[in-house]
Structures are given as structure tokens and as C-alpha cells.
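Have a look at the structure below before the remarks.
The values are calculated or read from the model by the stated rules, or taken from the named source; none is laboratory data. Note that the coordinates shown come from a computational prediction; the quantities given were computed from them, not determined experimentally. Note that we place each Cβ from the backbone using ideal geometry, even for glycine, and neighbour counts take in every protein chain shown.
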Amino acid sequence: MAVSKRLRYEVLRRDNHTCRYCGAAAPAVPLRVDHVTPVALGGTDTPGNLVTSCEPCNSGKSSATVDSTLVENVADDAIRWAAAMQQAADNLLEQEKPKLEYRAAFLKEWNRWGYGEGDGRKAIELPGDWKPSVERFRVAGLPAWVWGEIIDTAMGNDKVLDDNKFKYCCGIAWNKVGVLQEGARRIVGASQPPANLDMRQAVLEAAFTVWHCGLIDTEDAPTSQQVDEFRESLACLTDADLTEPELVVQAAQHATYFGMTNFAEARRHMDYDAVSRAWNSAWPTTWVPGDEPWGGKIVGGPTDEQRRWVTEQIDKLLDAEINVRRLVWAASHAGTHKSARIHKGLSDTELEVTGVSRWQSKAAELWRVAYTASGMVEPTEEETSSFFKGLRRVVSLGEFYEADVYQAASAAGCYQDPDLIPCLTQHLSVFEAAALPVGRGASNTCLLPAVREDLAPEDVARTEEDEGRG
């Protein structure tokens, strides 16, 4: 039911012809009668849900919110209901984000194929039930990046009609989901394995079966030479490599995604993918919806330069044979702190292969977190570059404990100041230092000159472009 003219007049008179949101009054601004809780969200046309609003506030141009002291005549339940509905909408959007991202990844690969060029290009039509079908694969654990290979295989098969392309894609996808499960069942199918079972041979056969079944039904079915090559690469595995059979099977499955015929190459590629994915997924981003229900984009991610540098670090750390689980944890920590420096949990000796300084990285994270918390804004690239220059100046100022630098970095971040030198004090006395655990592993007792080797030559010579990586 629409608000009557009489009711509008009574609301305007009750509110003294003044906007309850910003305080503007007639005749300075045009006035409207606004629903506190929109009708679409269950709001009513009763006086308790109506307030006087100026035109800018009513159209959403003002960031002012309803103040309970200004709208005391408006029902409290209406205000609480409006806030609850907005919170529920935000929660729903957050829950839907993984589904929308996965759907967008599928659409991106699907729309690469079509007919024509330019504005006249036409994509192959999807069936009406494609969204729930794709969602089932997400729930089943099929990675979004696999859709590129699946769709390319389906679209490249001229024997499959356009109307059946999507069904063919689903068939390939279910095969990829099932292959790994089948291989795992071969390993753990019996609750008590037979006493005469050769576990090494069982794991190798499971890995080979997963790889062979994943490729045999595709157009790129392996040749006898490729089969022999993959078996030979499996035979090179040591007993230490087979202590975690599930990882061996996963690497074989990974090889099917990229048509690899060498197990060691597939395992290395899988390990790299795990560390890289941990860093990327931990990096805080914002989803901006597009015009279409499934459209939109992710903003606030790492730069291309940061991605390139992280790639270099992961390659060097994997070459040094550092435990992959530790690298995944370190990469996730770096991504969470919007940093391209993988260092958490790694020793100074291990970090020598990448030239990353542990204490600098930790100080930079403390500074950025404090900076962001102080004003809810991120530091600029220029400020980040200036901060790293200040870090390098610290070692020339005298002997400081790492704790001195960490405290100064946090303080500078609170002031949103890229220069930590004014905040740097030798706050640890010799008595305090003596009470702390002694040794290089105790970061609070490490004098910066003692780790001067970490700064030369790589860190000292690092360019401003590298400093901007974060």
C-alpha cells in the first residue's frame, strides 16, 4: 500500500521538515519521506518505519547513517531489522564468493571458444542447468584451473555436436574426479593388507594406474614409449619418496592434467602449484560484482612483479629440497600479510638461497599491519620503498637487537611514517638481554651486525623496484 499524502504530511510535520539523516532542512534541500527498512526487505508504511530524508540522502549519495537519538520516534525494531538484513546480505555474498569465482573461471574458459570474430563472435550456448552442474564439480573438489584442459579437449573433438559439448565436458570432469579416488582405493581398499603385499610395488602400480587411466580415454592417449618413460621415472623413486603414498598418487594424477610423462617433473610441478596456490589464496582481495549475476572481478591482488619474485623464490626453495609443507605454511603467511617475501618458519641458512632477510621481512610485516590498522589504508609503493631504505640504514647506526627494530617498525607504522629511524631506541639493556635465551635462534638477542651477511650483497644491492615488492 502506497504512503498517502496525509501520512507524508504528518511525517514531515513530526520531523519539523528536517532530514533525520544529515540535519538539512527545507527550503535548502528538497525533502522526501523515506522507508527506514525498504519495502522490498519487509518494511511497512507505518509511521514507525518512515522518516524525513533530503533528496541526496534518499538517493544514497550521503554516507550518513541513522542516529538513534535523532530518530527516537522511529521504531527501534525497524532500524535493527534494516541493519540485520544488510548484515545477512553481506554474509550471503561472502558465502557465495567461492561459488561465483569458480563459475567465472569456468565461463572464462568456455567463452574462449565460439564462432566468428569481433562483435559478431558467438559463443556456444550453454544448457539451462549448467550452473548447478558446475557447482557439483566444485563441491567434488575439481580445481577450477582444470576446466581449461577439459574444455579444450571437448571443443577440439569435431565428432561431438555443439549441443553435446557441455555434457562431454562433464563426462571428462567426472573421470578426472574419479581417477584419483580409484587410485586411492587401490592403496587403502583393504583394512588389513595381506602379509605378502609388496607395498612399494602396490604404490607404484596405483600411481601408474591413475596416470594411465587419466590419459587412455583422451585424444592424447600415451604411446608405448611414453608409457615406458613414465614407468621408468616411477622406478627411480626411493623408499623415502614412498613414505606418503597419497602424495605419490596425487602427483600421478597431476601428471594427467598436463600430459606429463615424467613422474619427477609432475611431482615438482605439483609441489610448486601447492606453494604458489597457498600464497595466492591467502592474499586478501575484494570481489567486485559485475552487471551479470555470474560476472565480476577480483581487485587488490598482488602485482605482476610480486608474482614473478615469488615464483623465483619458490623455485629456489624447492631446488634446495626444503620440506613442501613448511613452504606452504611460509607462503600462506606471506600472502596473509600481503608480502612477496617467503620467510616464516625458515632458517637464515635456508633463506640464503633466495637472498631474503628474515628480520627485514618480519619488520616490514609489523610496519604494514600497524600502518593499515591506524588508518585502514595500505601504504603506497613509495612509502614501502622508503621503509626498506630505512631498514638498510639501521645496520650502519650501531648495534641494535632485532627486538629494537621490530618495536620501531610497529611504532612507525602506527604513525604511518615510512621512516623508522626516529622510533629506533636501544631499549634492551645488557641485563634484559642476558635474561633472554642465548643463541642465533633467539631472535630477540640477535644483534643486527651479526646478520650483516644477510644484507650483502643481494639485499644491499636490491633495486627500488625490488623494494616495492613488499
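General observations
- If you go through region 378-426 and keep only what is aliphatic (A, V, I, L, M) and touching a Phe, Trp or Tyr at 6+ places or on another chain (Cβ under 8 Å), you end up with VAL394, VAL405, ALA409, ALA412, LEU420, LEU424.
- Test: residue in region 34-47 that is in contact with a Leu (Cβ under 6 Å, 6 or more places away or on another chain) and of a type outside the set (S, T, N, Q): no
Each row is one residue, and each column tells you yes or no for (1) among the aliphatic types (A, V, I, L, M); (2) under 30 Å from LEU100 (Cα atoms); (3) surrounded by fewer than 15 Cβ atoms within 10 Å (Cβ to Cβ).
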{"site": "TYR257", "(1), (2), (3)": "no, yes, no"}
{"site": "ALA266", "(1), (2), (3)": "yes, yes, no"}
{"site": "ARG277", "(1), (2), (3)": "no, yes, no"}
{"site": "ASN280", "(1), (2), (3)": "no, yes, no"}
{"site": "ILE314", "(1), (2), (3)": "yes, yes, no"}
{"site": "LEU317", "(1), (2), (3)": "yes, no, no"}
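Conditions tested, residue by residue: (1) under 22 Å from LYS99 (Cβ atoms); (2) part of a loop (DSSP other than H, G, I, E, B); (3) modelled with pLDDT of 75 or more.
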{"site": "TRP145", "(1), (2), (3)": "yes, no, yes"}
{"site": "PHE166", "(1), (2), (3)": "yes, no, yes"}
{"site": "CYS169", "(1), (2), (3)": "yes, no, yes"}
{"site": "GLN181", "(1), (2), (3)": "no, no, no"}
{"site": "ASN196", "(1), (2), (3)": "no, yes, no"}
{"site": "CYS213", "(1), (2), (3)": "no, no, no"}
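- As a summary of the residue check, LYS122 satisfies the conditions (1) of a type in the set (Lys, Arg); (2) under 25 Å from MET270 (Cβ atoms); (3) modelled with pLDDT of 80 or more except for the one numbered (2).
Residue-wise test of (1) part of a loop (DSSP other than H, G, I, E, B); (2) modelled with pLDDT of 80 or more.
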position: GLU10; (1), (2): no, yes
position: ARG13; (1), (2): no, yes
position: CYS22; (1), (2): yes, yes
position: PRO27; (1), (2): yes, no
position: ARG32; (1), (2): no, yes
position: GLY43; (1), (2): yes, no
position: VAL51; (1), (2): no, yes
position: GLY60; (1), (2): yes, no
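The rows are residues; the columns are (1) assigned by TED's automatic domain parsing to the domain that holds CYS170; (2) under 31 Å from the mean Cα position of the chain (by Cα).
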| site | (1), (2) |
| --- | --- |
| LEU100 | no, yes |
| ALA104 | no, yes |
| TRP113 | no, yes |
| GLY116 | no, no |
| ARG121 | no, no |
| VAL134 | yes, yes |
| PRO143 | yes, yes |
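- ALA363 meets the conditions (1) touching a residue at least 40 places away in the same chain (Cβ under 8 Å); (2) surrounded by fewer than 23 Cβ atoms within 10 Å (Cβ to Cβ); (3) of a type outside the set (Lys, Arg); (4) over 20 Å from GLY301 (Cβ atoms) in every case but one. The failed one is (2).
- The residues of region 335-367 that are in a helix (DSSP H, G or I) and out of contact with any His (no Cβ under 7 Å at 6 or more places or on another chain), listed by number, are GLY335, THR336, ASP348, THR349, GLU350, TRP359, GLN360, LYS362, ALA363, ALA364, LEU366, TRP367.
- Filter pass, GLN253 being assigned by TED's automatic domain parsing to the domain that holds PHE230 and in a helix (DSSP H, G or I): yes
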